[in-house]
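What follows is a set of notes on a single structure, which appears directly below.
The values are calculated or read from the model by the stated rules, or taken from the named source; none is laboratory data. It should be emphasised that the depicted structure is a prediction, and the values quoted were computed from it without experimental measurement. As a convention, Cβ positions derive from the backbone with ideal geometry for all residues, glycine included, and neighbour counts pool all protein chains shown.
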Amino acid sequence: MVATIGVLALQGAFTRHQATLERLGCQTVAVRYPRDLERLDGLVIPGGESGTISRQLDSSGLRQPIITFAGEKPVLGTCAGLIIMSRESAGSQVQGLDLLDLDVVRNGWGRQAHSFTSSLPVTLNGHSEELPAIFIRAPRITRVGQGVEVLAAIDGEPVLVRQGRHLGATFHPELTADTRIHQLFLRAVEE
């Protein structure tokens, strides 16, 4: 069965996620309206500007339909997408979807000039691996709830988390050629 994955296409790097998912054999749908969520197997909320994405969730009528969708199907959030999925975003106008029991700080690693690439040790498939991670105005996770599994950290700070079927990354896996984060998400879709 070919998975059909929606990528929230209100703002941000959604086309890069679509390209990665299509390389992995998925069909993709650009999600702009509630009707676009029909018949999807999973949803990606990409990076971008979290305040803008939050406002557009309301103006497009997508906020509650995404919350309902996430009650049954997996969601992957990267960078701003993780902020949108979180319970609480300190000092911001962002209303989170409360899909991940996290508190976050926007731009927690610094401004654009403080962006960086890291070789990230991560636990996938029961063993430790390293993957490239690009952090651009990345959020910092300041609190992790009890049901959240930390899959990767930098200096003890979580940067890749999973809660149930949902996955969140503070970095941009779609900006590298490495597809392991998307593959991990697709395993949740298959289950």
Discussion item. Looking only at the stretch 136-188, count every residue that is part of a helix (DSSP H, G or I), surrounded by fewer than 19 Cβ atoms within 10 Å (Cβ to Cβ) and touching a Pro at 6+ places or on another chain (Cβ under 7 Å) and tell me the total.
Written reply: 1
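Restricting to the stretch 125-135, and then to whatever is part of a strand (DSSP E or B) and more than 17 Å from the chain's Cα centre (by Cα), can you tell me which residue is nearest to Ala13 (Cα to Cα)? Talk me through it step by step, then tell me what you get.
Taking the stretch 125-135 as the starting set, the residues that turn out to be part of a strand (DSSP E or B) are 127-135.
Adding the requirement that they be more than 17 Å from the chain's Cα centre (by Cα) leaves 127-130.
Working: His127: 30, Ser128: 28, Glu129: 26, Glu130: 23 Å.
Step by step, filter the stretch 125-135, then rank; the result is Glu130.
Only one of Thr28, Thr68 is modelled with pLDDT of 95 or more, touching a strand residue (DSSP E or B) at 6+ places or on another chain (Cβ under 9 Å) and not hydrophobic (A, V, I, L, M, F, W, C). Can you tell me which?
None of the other options fit; the residue is Thr28.
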Worksheet item: Of the residues Thr170, Thr179, which is at pLDDT 85 or above, of a type in the set (S, T, N, Q) and in contact with a Ser or Thr (Cβ under 7 Å, 6 or more places away or on another chain)?
Response: Thr179
Worksheet item: Is at least one residue of the stretch 148-159 modelled with pLDDT under 90 and among the charged types (D, E, K, R)?
Response: yes
Fill in: Verdict on Thr4 being surrounded by 21 or more Cβ atoms within 10 Å (Cβ to Cβ), more than 17 Å from Gly168 (Cβ to Cβ) and of a type outside the set (A, V, I, L, M, F, W, C)
no
Discussion item. When you check Gly6 against the structure, is it in a loop (DSSP other than H, G, I, E, B) and either without any contact (Cβ under 8 Å) to a residue 40 or more places away in the chain or under 21 Å from Gln183 (Cα atoms) (or both), yes or no?
Written reply: no
Worksheet item: Can you spot a residue in the stretch 45-63 that is surrounded by 24 or more Cβ atoms within 10 Å (Cβ to Cβ) and either among the charged types (D, E, K, R) or at pLDDT below 95 (or both)?
Response: yes
Item to complete: For the stretch 31-93, please list each of the helices (runs of 4 or more DSSP H) lying entirely inside it that holds at least 3 residues being in contact (Cβ under 8 Å) with a residue 60 or more places away in the chain.
Response: 80-85
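Would a scan of the stretch 75-86 turn up a residue that is surrounded by fewer than 21 Cβ atoms within 10 Å (Cβ to Cβ) and more than 16 Å from Val159 (Cα to Cα)?
No - not one qualifying residue is present in the stretch 75-86.
Do you know which residues across the stretch 10-25 are in a loop (DSSP other than H, G, I, E, B), at pLDDT 95 or above and of a type in the set (Gly, Ala, Ser)? Give the derivation first.
So the first thing to find is which residues in the stretch 10-25 are in a loop (DSSP other than H, G, I, E, B), and the list is 10-13, 24-25.
Next, from what is left, pick out any that are at pLDDT 95 or above: 24-25.
Within the stretch 10-25, just Gly25 meets the criteria.
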Discussion item. Whether any residue in the stretch 117-128 is at pLDDT 85 or above, out of contact with any strand residue (DSSP E or B) (no Cβ under 6 Å at 6 or more places or on another chain) and of a type in the set (A, V, I, L, M, F, W, C) is what I want to check.
Written reply: no
